[in-house]
1. Quick check for me: using +1 on Lys/Arg Cβ and -1 on Asp/Glu Cβ, what's the dipole size of the chain about its Cα centre, in debye to the nearest 20?
2. Hand me the trypsin sites (Lys or Arg not before Pro) from region 102-183 located in a DSSP loop with no more than 11 other Cβ atoms within 10 Å, in residue order please.
3. Amide H to amide H under 5 Å from ALA317: which residues, 5+ apart in sequence or cross-chain, H placed 1.01 Å off N in plane?
4. When the C-alpha atoms of region 167-395 are aligned to their principal axes, what extent does each axis show, in angstrom, from largest down?
5. How much FRET efficiency would the formula 1/(1 + (r/R0)^6) give for GLU210 and GLU70, where r is the Cβ-Cβ distance and R0 is 51 Å, rounded to 0.05?
6. Counting Lys and Arg as +1 and Asp and Glu as -1, each charge on the Cβ, what is the dipole of region 167-395 about the Cα centre in debye, to the nearest 20?
7. Work out from phi, with θ = phi - 60° and the Karplus expression 6.51 cos²θ - 1.76 cosθ + 1.60, the ³J(HN,Hα) of each residue of region 222-237, listed in order in whole Hz, and give x for Gly and Pro.
8. Just the Cα atoms of the chain: what Rg and Dmax do they give in Å?
Amino acid sequence: MRILYSGIIPDGRNGKNIMQEKYHIITYGCQMNVHESEKIAGILRGLGYEETSEKEDADIIVFNTCCIRENAENHAFGNIGALKKLKKQKPNLLIAVGGCMTQEKGKTDVLKKKFPFIDIMFGTLNLEELGNLILRKKAQKKKVIEIREKEGEIVEFTDAYRTSYPNAWVNIMYGCNNFCSYCIVPYVRGRERSRKPENIIEEVRGLIAEGYKEITLLGQNVNSYGSDGTTGMTFAQLLDAVASIEGDFRLRFMTSHPKDFNEDVVLVMKKHRKICRLVHLPVQSGSNAVLKAMNRRYTREKYLDEIKMLKKHLPEAEVTTDIIVGFPGETEEDYLQTEALVKEVDFASAFTFVYSKRQGTKAADMEGHIPEEIQKDRIMRLVELVNSLTRKKSEKYLGKTVEILCEDYDAKKGLYMGRDEFGRMGYFASATDVIGQLVQIKITKANGISLFGEIV
Ligand code: SAH
Ligand code: SF4
Ligand code: F3S
């Protein structure tokens, strides 16, 4: 291991200090991407780069993009465009763009045209090649564009540079086979493939030994883990095996798909107190007609039955969800069914989205696209409803003692912060550094989505 002195390493041969090359990564999108940025950081560090928080100091800037909605793409476009000046001032600066957007059909051409100063483009399916692409670019003037069309064998990463202590993300599977009619993910992430259980277990064991206190298993649809027949295990069995690993840690998993979520998983949750009593179960809509058009392959009734089954075994369990409003053909009546379902389930929280047309998906060619004013009106009403439920839930915390896993120190607030098992954020004062520890907090104030309290 090299020891760094504020970014300068002593050069042993002549005693002079030489500057270390630095990287800066900008990440958009879901946890999958957040974790992949940790893998990218691992690759860059393997090449000798060190991290910088300032774009201006970087020798390479990597964009890890998302294309789930139009505004995710627009953010990336805006931020890449903003680098034009810096690149002029620092011609040796390398700009690399990867992630879901470059994997989209025809997108690299658009990017090349819009931003001719991009040096390297890579996709989600050849992330592991980034190191080689950088070396290739350094040896040639021409830009390097390498996108793989089809997924290959799973590449096992051992050197991700993790930045989310005390939590660690662990992929259990990649890709998606579901083709929900609005969604671009299956087109940019390839077909579903599951990691071998022994590799997952070995990774988690290593993380626990290193001191990580929370493990989150990641997949687009964790419940179909192993359904390709290559792992010899279902998701419930994998969850059982991971939760059986010795040590003090919290275990989470996401995302569950209502068409595959089942009692086996809930029984494993019940068996292990380590597994957080929180299920992220995206419902998308409360209307059967819309669910059908979305190709979600479950009904409102099936969804509600699953919630009942979960609460039967684990009455304390909470559910979070994702909802889309303004899907093509969604009527006011359909929308009101979503509102009614939200009230009935009483979600701990919900991510709410306005439908965004994605080129190449089935829904893009559907009739009945909803005018923007109606979409806006629906999302505003839904956000208000969700916020009022979240506020009510927060108030119930007042006077209670909850267990928080301390994640960080918030310098602005002068308080430590962390989450309870339901993902609720809690702030508190502490005389000693408690990051990475489970602390008992008595809640004295609940402010919308955040809790405030005192260590007891
Ligand atoms: N695999 C997960 C999450 C996928 S993306 C799942 O199946 O639930 C996260 C969320 O983005 C989705 O749950 C959905 O609510 C939303 N989303 C996906 N495509 C969208 C689109 N075209 N417009 C608006 N929201 C979308
Ligand atoms: Fe997209 Fe549906 Fe796959 Fe989730 S399950 S990633 S929403 S296609
Ligand atoms: Fe995630 Fe966005 Fe890709 S949500 S899978 S980064 S399109």
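The values are calculated or read from the model by the stated rules, or taken from the named source; none is laboratory data. It should be emphasised that the depicted structure is a prediction, and the values quoted were computed from it without experimental measurement. Here the Cβ positions follow ideal geometry from the backbone for every residue, glycine too, while neighbour counts run over all protein chains shown. Note: accessible area is taken over every heavy atom of the protein model, side chains too, but ligands, DNA and RNA are not part of it. Shrake-Rupley method; radii C 1.70, N 1.55, O 1.52, S 1.80 Å.
1. Dipole magnitude for the chain comes out near 1020 debye.
2. Answer in residue order: LYS141, LYS142, LYS150.
3. none
4. Ordered largest first, region 167-395 gives principal extents of 53, 43, 28 Å.
5. The formula returns an efficiency of 0.85 here.
6. 360
7. With coefficients 6.51, -1.76 and 1.60, one gets 4, 5, 9, 3, x, 6, 7, x, 9, 10, x, 8, 8, 5, 4, 5 Hz.
8. Rg, Dmax (Cα atoms, Å): 23.1, 76.
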